[in-house]
Amino acid sequence: HKNDLSRSLVAFGQDSTLVAVVELSMSSWLVAGLVPGVLRQPLKKQGADAAALLRLLYRWRDEAQKAGKPIGRIVVAFEAGRDGFWLARWLQAQGIETYVIHSTSIPVSREHRRAKSDRLDTQLLMRAFLGWLRGEPKHCSMVAIPNVEEEDARRPSREHETLVGERTGLINRMKSTLTRLGIRGFNVKLKKAADRLGDLRGPDGLPLPPNTLAELQRDLARLRLVREQLKEIEKVRLERLQQAPQQGAHAMVLILARVLGIGVETADMLVHEVLSRELRDRRAVARFAGLTGAPDESGGRRRDKGLARAGSARVRRGMLQLAWRWLMFQKDSALAQWFLARTVGAHRNARKIMVVALARKLLIALWRYVTAGEVPAGARLRPAA
């Protein structure tokens, strides 16, 4: 199975396997173990030190061997979080079988005020991890551990998204500042906006107050810097695509960018965030983007709570924006015709509801396009370079 991380496919020998889970934090780690031959379940708090963790695992292995239980397998798991995947890669390099648990896949107590501590969290992690190791489904899911190159390939798209948000925030803030003074017709996005600030007059004929003028000049300077950084990211990306069109996921990006309505930025984000992953099937693709429903059924009650939103928010936002663009640039495609047939004459919010279904179908169609070469029905492509 491709990327089947919902259950373990390796037989679990409890008498020969040392199991450890780690609760990570900035300054300290809490390590819980299940050591064959040792009645107690050890719990050790240590500093945030990978070498110390490895020494602890070897010490527990020696304790098991002294108790007559030779260890043939050491498995370690921790939740995905701020630390990312460096620890998993480091432990794997030392020969330790390591897994990263998807934090939202672990069932928790439904008590109104459930107790929570690092010790209780390690117990919860251990129960879920043991069920996963036994091959039982639905205990928890693992996150695919990327290598350094795969992680680094995602950075330009994510930085670009952050800078676009910063640019929008700066523009909105400057517009609000001018509106507060009664100035509405000034375009802060113009290249020479900073030179024209001194000529601005409010409805009372007075120039901008000195502190406000200085604030706007600083905001415009930041805006220029953000624009320069955005251009640099886009320039470097295009250069790399042209210099090595077949390197890594570059070929997939270029194939996707041929579809009319999809630019290089969107193609780069989709490829590195979802399409280049070895996802199992179309349902896994939709679930990864959080574009599946969340039914709420009990007895005679039947309703849907909307999108599950359990997947990648970045992919979900991008696909919803792309779905609206698809209706503009691919009007003759089968997906656009499917959408129009179901929204014509419907109530006012039908388009907003149905565009989610369109985004899900479109993501699956693009996944098939880049992996199997199946062009979406009726889609228009740019000529090959």
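For this structure, a couple of remarks:
- Positive end of the dipole of the chain (Cβ unit charges, origin at the Cα centre): among Thr168, Leu238, Val108, the Cα lying farthest that way belongs to Thr168.
- Mean projected area of the Cα convex hull of segment 228-350, taken over all directions, amounts to 10.8 nm².
- Principal-axis analysis of the Cα atoms of the chain puts helix 155-180 at an angle of about 40° to the longest axis.
- Debye, to nearest 20: dipole size of the chain, +1 on Lys, Arg Cβ, -1 on Asp, Glu Cβ: 1320
- Alpha-carbon Debye profile of segment 149-243, log10 I(q)/I(0) at 0.10, 0.24 Å⁻¹: -0.37, -1.21
- Relative to the longest principal axis of the Cα atoms of the chain, the long axis of helix 313-329 makes an angle of roughly 40 degrees.
- Between 0 and 90°, nearest 10: helix 334-343 axis offset from the chain longest Cα axis: 80
- Taking the DSSP beta bridges with both ends in the chain, the antiparallel portion is around 65 percent.
- Accessible surface for Lys231 stands near 130 Å², nearest 10, in the context of the full protein assembly shown (1.4 Å probe).
- Relative contact order for the chain: 12 percent, from Cα pairs under 8 Å spaced at least 6 residues apart, divided by residue count.
- Scaling against 2.2 N^0.38 Å puts the C-alpha radius of gyration of segment 300-377 at 1.19.
- Where segment 275-316 is the region considered: accessible area per residue in Å², 1.4 Å probe: 61
- Percent of Cα-Cα distances greater than 21 Å, calculated over segment 97-193: 63
- On a per residue basis, segment 149-243 carries 67 Å² of accessible surface, using protein heavy atoms and a 1.4 Å probe.
- Comparing Cα centroids, segment 240-283 and segment 301-349 end up 21 angstrom apart.
- Over segment 26-156, the hull volume per residue, using the convex hull of the C-alpha atoms, is 143 Å³.
- In segment 275-385, a dipole from Cβ-located charges (positive for Lys and Arg, negative for Asp and Glu) runs towards its positive end, and of Ala379, Ala365, Leu327 it is Leu327 whose Cα lies farthest in that direction.
The values are calculated or read from the model by the stated rules, or taken from the named source; none is laboratory data. No experiment lies behind these values; they were computed from the predicted model shown. We place every Cβ from the backbone using ideal geometry, glycine too, and count neighbours over all the protein chains shown. To get the accessible areas, we keep the full protein, side chains included, count just its heavy atoms, and leave off ligands, DNA and RNA. Shrake-Rupley method; radii C 1.70, N 1.55, O 1.52, S 1.80 Å.
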